[in-house]
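The values are calculated or read from the model by the stated rules, or taken from the named source; none is laboratory data. Note that the structure is predicted; figures quoted are calculated from it, not measured. Cβ: placed from backbone, ideal geometry, glycine included. Neighbour counts: every protein chain shown. Surface areas here come from the heavy atoms of the whole protein model, side chains and all, with no ligands, DNA or RNA. Shrake-Rupley method; radii C 1.70, N 1.55, O 1.52, S 1.80 Å.
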Amino acid sequence: MKKRKREIGGGGGGGGGGAFHRLLRATLRHSCRFHGPLGGLLPLISAVSGCLLFLLALLSLLSPSPSSQHLQHQQLLLRYRSSALSDRVGGGLEEESAAEAGNVFRVPSSGGSLSRDLWTSRLSSCFYGCSNASGHFMNAEKKTQPNRYLLITTSGGLNQQRTGITDAVVAAYILNATLVVPKLDQKSFWKDSSNFSEIFDADWFISFLSKDVKIIKQLPAKGGKALNPYTMRVPRKCNPKCYQSRVLPVLNKKHAVQLTKFDYRLSNKLDKDLQKLRCRVNYHALKFTAPIAEMSRTLVERMRSKSSHFIALHLRFEPDMLAFSGCDYGGGEKERQELGAIRKRWKTLHASNPDKVRRHGRCPLTPEEVGLMLRALGFGSDVHIYVASGEVYGGNETLAPLKALFPNFHSKETIASKEELAPFATFSSRMAALDFIVCDESNVFVTNNNGNMAKILAGRRRYFGHKPTIRPNAKKLYKLFLNRSSIPWDEFASRVRTHQIGFMGEPNEVRPGRGEFHENPSSCICEKPEAKERALIDAPKKTGDGSEDDKEKSAGRISTDDATEEQKSEDEQDGPDMDYMEDGNESQGKRLPNGSDSDTSLLKTEPPELEEMFSD
């Protein structure tokens with residue numbers, strides 16, 4: 001009996017092999033009951049055949065089809081979250097079927113072969129930054145009046161504050177006043193306790209601008225007591241006459257004036273010398289402190305050690321920003337409830353129309369849409385991407401399609417240790433400064449939004465050699481992303497390239513004076529004499545045979561006009577396009593000691609102000 005048990009259990013090593021042996025032995029035992037040649041042979045043949053079929057079935061289950069992994073990868077790449085699709089699918093997430101992925105919209109891993117260098121701008125060598133003052137520009141020694149001090153308090157995140165600091169220098173020049181080193185916003189959404197000298201090199205700032213504006217670190221004492229500045233606020237886009245009529249009378253009377261919430265409080269359009277002063281401040285006087293500069297240099301070197309070229313992507317896709325935008329990103333009822341709850345924090349925010357907002361190009365691209373745009377422009381999966389981002393709504397699930405398209409995905413947290421980042425980690429502005437420098441040093445800068453960092457970097461990269469800067473033409477790309485599953489990849493990619501003409505950071509793609517000056521500092525960019533000749537040589541040759549160069553050149557005239565119209569509409573807006581709601585209880589102006597108003601228009605109460613949602 002024991003021997004019989006060992007025989008039965010001896011082949012029980014698990015899996016298909018054990019089952020095969022047990023079945024064969026049972027069949028043979030059964031066949032022994034029959035006598036004669038046929039009686040023993042037929043059951044044996046049946047047993048062997050059955051076992052072979054069993055093995056084939058087992059192998060088919062364990063071995064996936066050659067194309068299944070490819071199809072899974074394609075489905076991940078092709079997942080598209082869109083406001084128009086959210087109502088069709090309960091979870092707001094639609095995946096193409098295998099047939100669609102294979103036959104209609106197959107995303108290549110390679111960017112393809114294009115006729116242009118993706119890492120440089122055409123004609124960039126023909127233009128250069130020029131911000132020196134003209135001979136008519138009076139210097140600080142002759143212009144500054146005694147007992148006239150201007151203080152400003154900035155607003156928003158690092159880059160919004162940067163615009164305020166830049167404009168504060170110009171405002172001090174207009175008022176013939178001494179500027180006190182600006183105070184940084186420490187109370188708003190970003191809650192960063194850093195002061196000016198912890199972000200920027202204050203001594204360099206004062207020294208570099210000494211010929212333009214007199215700058216001091218703090219108000220002087222008068223009669224043994226510190227001056228008490230008069231607090232007021234000027235309207236947005238206040239021009240030089242506005243400052244002279246509203247601020248100068250108070251400055252002459254009080255000797256020290258502090259302008260609060262100083263963001264976008266100076267006109268976009270100024271005379272050329274004042275615009276050049278803006279550029280001297282923004283591009284030369286504002287230098288980050290040594291610790292920030294050194295850590296940023298380390299990050300840049302590590303990115304360059306991975307590849308000779310890299311893209312920096314500024315990705316704004318935080319829950320607060322998405323809630324404020326009023327856009328729909330295809331997350332269904334769950335997304336609407338989550339973002340709707342956040343949106344309630346702004347009590348006076350009007351109800352949004354997600355479809356209308358997206359049609360007007362006001363919704364930041366999703367990470368997946370950015371990835372598809374870059375692939376269509378010609379960037380392959382081997383490209384290294386540095387991503388400057390806050391908390392991404394949806395986390396890794398939202399980032400997965402972008403990472404599938406570009407597996408070489410990096411951030412400061414992945415290329416630096418926690419110990420290296422520790423001195424900066426608890427200060428949002430210092431962390432933003434690290435990203436700012438890496439993005440500025442990248443070969444190609446890409447943004448999914450039109451916020452402050454995107455605008456300032458776009459202008460800075462124009463000034464320092466027109467390094468490629470890709471800003472999505474969201475108004476046109478919206479329709480393309482919506483319908484992309486119904487067109488072949490080649491057609492999709494061709495349309496993306498056409499729509500992006502005029503949005504790539506090329507010289508002269510935006511008319512001088514259009515858009516925010518910080519984004520398009522045309523007064524500070526000079527053209528070399530050979531520029532026009534080079535433009536004729538380097539222009540795409542018209543073949544007349546319907547080639548892609550011919551088509552894109554023809555389409556470029558339309559797309560550039562579209563870009564100009566978009567810049568025009570942005571320029572007509574009163575202030576930034578998306579804002580955070582503030583309490584609006586800050587003093588708009590104080591009554592003078594004699595009980596009279598210095599300027600009735602000055603003391604007119606403004607509507608509750610908005611702190612820019614894109615106040616990065």
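Look at C242 and say whether it is in a helix (DSSP H, G or I) and under 31 Å from the mean Cα position of the chain (by Cα).
no
Report whether or not K306 is among the basic types (K, R) and in contact with a strand residue (DSSP E or B) (Cβ under 7 Å, 6 or more places away or on another chain).
Yes, satisfied.
Quick check on region 157-213: of everything there that is within 31 Å of the chain's Cα centre (by Cα) and among the basic types (K, R), which residue is surrounded by the most Cβ atoms within 10 Å (Cβ to Cβ)?
R162
Give the number of residues within region 265-312 that are among the aromatic types (F, W, Y) and open to solvent by 10 Å² or more (accessible area, probe 1.4 Å).
Of the residues in that region, 2 qualify.
What number of residues in region 232-253 are buried (at least 17 other Cβ atoms within 10 Å of the Cβ) and either among the β-branched types (V, I, T) or on the phi > 0 side of the Ramachandran plot (or both)?
Result for region 232-253: 3.
Suppose the filter is within 17 Å of the chain's Cα centre (by Cα), over 26 Å from L277 (Cα atoms) and open to solvent by 30 Å² or more (accessible area, probe 1.4 Å); does K479 pass it?
Judged against the criteria, K479 is not a match.
Among the residues of region 367-384, are any among the hydroxyl-bearing types (S, T, Y) and either part of a helix (DSSP H, G or I) or surrounded by fewer than 21 Cβ atoms within 10 Å (Cβ to Cβ) (or both)?
Filtering region 367-384 down to residues among the hydroxyl-bearing types (S, T, Y) leaves 381.
Now narrow it down to the ones that are either part of a helix (DSSP H, G or I) or surrounded by fewer than 21 Cβ atoms within 10 Å (Cβ to Cβ) (or both): 381.
Scanning region 367-384, I find at least one residue that is among the hydroxyl-bearing types (S, T, Y) and either part of a helix (DSSP H, G or I) or surrounded by fewer than 21 Cβ atoms within 10 Å (Cβ to Cβ) (or both), so the answer is yes.
Checking the condition within 17 Å of L158 (Cα to Cα) and in contact with a strand residue (DSSP E or B) (Cβ under 9 Å, 6 or more places away or on another chain), which residue from A285, A256 passes?
Result of the check over A285, A256: A285.
Kindly indicate whether A474 is open to solvent by less than 10 Å² (accessible area, probe 1.4 Å) and of a type outside the set (K, R). Don't jump to the end; show me each part of the working.
On the way: open to solvent by less than 10 Å² (accessible area, probe 1.4 Å): no; of a type outside the set (K, R): yes.
So A474 fails the test.
Filter region 115-152 down to the residues that are over 34 Å from the mean Cα position of the chain (by Cα), closer than 16 Å to D271 by Cβ and either open to solvent by 80 Å² or more (accessible area, probe 1.4 Å) or polar (S, T, N, Q) (or both) and list them by number.
Those that are over 34 Å from the mean Cα position of the chain (by Cα), closer than 16 Å to D271 by Cβ and either open to solvent by 80 Å² or more (accessible area, probe 1.4 Å) or polar (S, T, N, Q) (or both): S134, G135, H136, M138.
Taking A433, is it open to solvent by 10 Å² or more (accessible area, probe 1.4 Å), in contact (Cβ under 8 Å) with a residue 40 or more places away in the chain and under 16 Å from N159 (Cβ atoms)?
No; evaluated as a whole, the condition is false for this residue.
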